[in-house]
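These notes concern the structure reproduced below.
The values are calculated or read from the model by the stated rules, or taken from the named source; none is laboratory data. Just so we're clear, the structure is a prediction, and the values are computed from it rather than from any experiment. Note that each Cβ is placed from the backbone with ideal geometry, even for glycine, and that neighbours are counted across all protein chains shown. For the accessible areas, the whole protein counts, side chains as well, though only heavy atoms, and no ligand, DNA or RNA atoms are used. Shrake-Rupley method; radii C 1.70, N 1.55, O 1.52, S 1.80 Å.
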Amino acid sequence: MKAVQVQKPHQLEMIEVDMPELKKPSDVLVKVKRVGICGSDMHIYHGTNPLATLPRVVGHEVAGEVMAVGTDVERLKVGDHVVVEPIRCCGSCYACRKGRPNVCASLSVFGVHEEGGMREWFVLPEKQLHPVDPEIPWEEIVMVEPYTIGAQAVSRGEVEAGDTVLIQGAGPIGICVLKLAKLQGASVMITDLNEERLEFARLNGADVTVRAAKEDVQQRVRDWTEGEGANVVIDAVCLPQTFELSIEVVSEAGRVVVLGFDGRASSIPQLPITKKEVTISGSRLQTFQFPKIIDLLNQGKLRHDGLVTHSFSFEQVKEAFAYVEEHPDLVRKAILVFD
Ligand SMILES: NC(=O)c1ccc[n+]([C@@H]2O[C@H](COP(=O)([O-])OP(=O)(O)OC[C@H]3O[C@@H](n4cnc5c(N)ncnc54)[C@H](O)[C@@H]3O)[C@@H](O)[C@H]2O)c1
Ligand SMILES: [Zn+2]
Ligand SMILES: [Zn+2]
């Protein structure tokens with residue numbers, strides 16, 4: 001069978017690998033149907049993801065069909081449509097004991113630390129697979145993992161109905177955060193540099209949009225919240241300066257959620273944090289968000305609404321990566337189709 005392997009930075013090849021087999025009684029064999037191409041896949045491709053080792057079969061936004069199950073598998077059966085929960089944890093470290101396996105000390109992420117989903121078949125333990133209503137189109141199902149990132153950020157920010165939420169950045173992650181914040185009943189202001197991305201955010205429920213760099217975000221937040229500040233700020237731009245702005249514009253008793261992997265320092269004084277008693281939370285991957293997102297999807301409350309802009313056949317993976325790279329203005333989410 002075929003697999004997409006990043007062999008070294010900037011070198012992506014279609015390779016021939018052995019068909020995986022059920023080895024443990026809890027194993028499930030899955031035929032891949034759709035895989036989303038994520039910013040972090042592009043980082044692995046460029047050799048700029050410090051967590052990934054090469055060579056690597058990438059892909060962590062994965063939907064497929066169950067083709068065989070081990071003898072202990074109870075929840076899943078042949079024919080089920082499933083999404084991958086791309087997290088494997090030790091179960092015994094402090095984070096795992098605290099119910100936060102997403103930051104397990106020996107975390108292994110499917111498609112980052114271990115071989116991922118850009119291959120025709122894979123085997124995973126049952127607990128890393130979640131069934132979805134088979135009536136739902138594959139293009140919708142493949143978005144579950146990015147939505148869980150949005151759900152985690154909203155949960156880490158303790159977003160409640162009626163809160164004012166500022167989301168910085170209307171890229172795919174900002175839009176996923178927006179969808180989940182709106183479902184939570186918040187009022188949302190979103191910023192971006194790009195007017196088209198803001199237009200798309202309005203279509204996805206943003207109450208107020210702000211063109212960062214052209215407008216004074218701080219002033220717009222003050223006016224919008226009548227001087228209170230945003231109750232929650234979720235930074236989906238992830239630059240040193242957007243983290244700094246988050247602390248400035250958050251309200252008293254507010255929460256700031258950071259999602260970035262940027263190693264550069266921000267310059268943040270203690271005073272506003274203490275004075276406003278701000279909670280600053282990191283948000284990485286997700287914990288226990290898959291069932292919630294799948295319920296919303298099955299109930300028809302979550303749809304990509306144009307977030308998926310491009311589909312490429314699996315064989316065209318090189319073209320797909322090149323296209324995503326060269327047209328950031330046109331691509332929101334590109335997916336690979338395996339048929
Ligand atoms: N923590 C996690 O689990 C997790 C998961 C996925 C992605 N991420 C991170 O989330 C971030 C966003 O991901 P994405 O795929 O949406 O990226 P993206 O690059 O597509 O989107 C970023 C958006 O921010 C806008 N932007 C740039 N500077 C801005 C500014 N000063 N103010 C407002 N908007 C600005 C850009 O125009 C762009 O639309 C990345 O840094 C990524 O690494 C984190
Ligand atoms: Zn992703
Ligand atoms: Zn652990």
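Data for the structure
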{"quantity": "Subset of the stretch 205-234 [under 21 Å from the mean Cα position of the chain (by Cα) and open to solvent by less than 20 Å² (accessible area, probe 1.4 Å)]", "calculated": "206, 232, 233, 234"}
{"quantity": "Hits in the stretch 56-108 (condition: in contact (Cβ under 8 Å) with a residue 24 or more places away in the chain, open to solvent by less than 20 Å² (accessible area, probe 1.4 Å), within 16 Å of ligand 1 (Cβ to nearest atom) and not aliphatic (A, V, I, L, M))", "calculated": "59, 60, 61, 86, 102"}
{"quantity": "Scan of the stretch 153-197 for residues that are surrounded by fewer than 20 Cβ atoms within 10 Å (Cβ to Cβ) and within 19 Å of residue 330 (Cβ to Cβ), ordered by number", "calculated": "171, 193, 194, 195, 196"}
{"quantity": "Which listed residue, of 256, 237, 249, is more than 16 Å from ligand 2 (Cβ to nearest atom), buried (at least 17 other Cβ atoms within 10 Å of the Cβ) and closer than 21 Å to residue 146 by Cβ", "calculated": "237"}
{"quantity": "Residue tally, condition away from ligand 3 (no atom under 16 Å from the Cβ) and charged (D, E, K, R), over the stretch 77-136", "calculated": "8"}
{"quantity": "Out of 175, 190, sole residue that is touching a strand residue (DSSP E or B) at 6+ places or on another chain (Cβ under 9 Å), within 16 Å of ligand 2 (Cβ to nearest atom) and closer than 17 Å to residue 306 by Cβ", "calculated": "175"}
{"quantity": "Condition met for residue 53 (β-branched (Val, Ile, Thr) and under 29 Å from residue 323 (Cβ atoms))", "calculated": "yes"}
{"quantity": "Those residues of the stretch 12-67 which are in contact with a helix residue (DSSP H, G or I) (Cβ under 8 Å, 6 or more places away or on another chain), within 16 Å of ligand 2 (Cβ to nearest atom) and more than 29 Å from residue 133 (Cβ to Cβ), in sequence order", "calculated": "42, 45, 49, 52, 56"}
{"quantity": "Filter result for the condition that a residue is closer than 25 Å to residue 335 by Cβ and of a type in the set (Val, Ile, Thr), over 103, 109, 73", "calculated": "109"}
{"quantity": "Hits in the stretch 269-283 - residues which are surrounded by 15 or more Cβ atoms within 10 Å (Cβ to Cβ) and within 17 Å of the chain's Cα centre (by Cα)", "calculated": "281, 283"}
{"quantity": "Residues within the stretch 99-128 that are assigned to a strand (DSSP E or B) and either touching an Asp or Glu at 6+ places or on another chain (Cβ under 7 Å) or of a type in the set (S, T, N, Q) (or both), tallied", "calculated": "3"}
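Conditions (1) in contact with a helix residue (DSSP H, G or I) (Cβ under 8 Å, 6 or more places away or on another chain); (2) open to solvent by less than 80 Å² (accessible area, probe 1.4 Å); (3) under 30 Å from residue 95 (Cβ atoms); (4) free of Cβ contacts under 8 Å to residues at least 60 places away in the same chain, marked per residue:
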residue	(1), (2), (3), (4)
285	yes, yes, yes, no
297	yes, yes, yes, no
304	yes, yes, no, no
311	yes, yes, no, no
326	no, no, no, yes
